[in-house]
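What follows is a single structure, written as structure tokens, with notes after it.
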Amino acid sequence: MTPSPKGFARREWGPLFGTVRAALVARGWRAIPMTLAAVCLTSLFQIVQNQDWGYQPVQDIGSVRAEDPLWLALLRTPLSLFVPALDLPVWGALAQILLVFGIAEICLGRWRTLALAYVATLAGTLYARFGIALGPDSPLGLPASDRLVVDTGPSAAVVGLAVYVSWRYRAWWTGGLVIVAMVVEVMIKNNLAGKEHLAAIAAVLVLIAVREWWERRRRPGQDGVEPRPGTRSWKPPIRS
């Protein structure tokens, strides 16, 4: 029997929706303080970098290019999560951060969300150097001109978090759709940003594989392992 749209939606997003709704009903905007701070910081960077006096300071503290020394790129990477691309509408970046970071902060906790966002962004940053070293003739390679291109900003972190939360709450179709969309992006527009998104997804999938392996070694529901979303013993948590 073909499942109804309502039944599909309940299975795909029910546990996730329940967690987010419970947190927002209980605490409102106080449930996502880190997300709100990220939105404000991104807005501030956008305003400053569009001023004649502000462009270069923002570049100096938060823009990463493959031509930069590695130590400098690593130093700038945490803030690069919040520097929006100049050639894209800033409202898109703000909406992505508010939605995906907000859901992740509620479902995973703020520190895990920040850690995953950083890992995803760092994967894209390091891939750019690896791809340029391989050269344009390799399927995974990049042209040397990409060494001058600024990294993706918050989008790699958004993609990585979306995939991780989808796995954590068993929203398989949603996670698969995000991955397929990023592959199609690269097929249509084969640029650095698209490939960095795939690198971010690859890094998150490695983390997921490690987490699955670790959980299989432990008995579910014991030794500090939380019941998985969708199981009978699971209840939507409210993260502080």
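Descriptive notes on the structure:
- Looking at the range 139-206, the trypsin sites (Lys or Arg not before Pro) that sit in a DSSP loop and have at most 14 other Cβ atoms within 10 Å of their own Cβ are LYS189.
- Peptides 46-55, 199-208, ordered by how many other C-beta atoms sit within 10 Å of their residues on average, highest first, read 199-208, 46-55.
- Charged neighbours of ALA66, selected by a Cβ distance under 11 Å, balance to -2 (K, R count +1; D, E count -1).
- When Rg and the Kirkwood radius Rh are both evaluated on Cα atoms of the chain, their ratio Rg/Rh stands at 1.00.
- Taking the helices alone, the chain has a mean residue ellipticity at 222 nm of -21000 deg cm²/dmol, built from -39,500 (n - 2.57) per DSSP H run of at least 4 residues and averaged over all its residues.
- Dipole-positive endmost among SER166, VAL186, GLY141 within the range 108-199 (Cβ charges, Cα centre): SER166
- Using C-alpha pairs under 8 Å with a sequence gap of at least 6, the mean separation divided by the residue count of the chain gives a relative contact order of 24 percent.
Each value in this text was obtained by applying a stated rule to the coordinates, not by laboratory testing. Not measured: the values here are computed from a predicted model. As a convention, Cβ positions derive from the backbone with ideal geometry for all residues, glycine included, and neighbour counts pool all protein chains shown.
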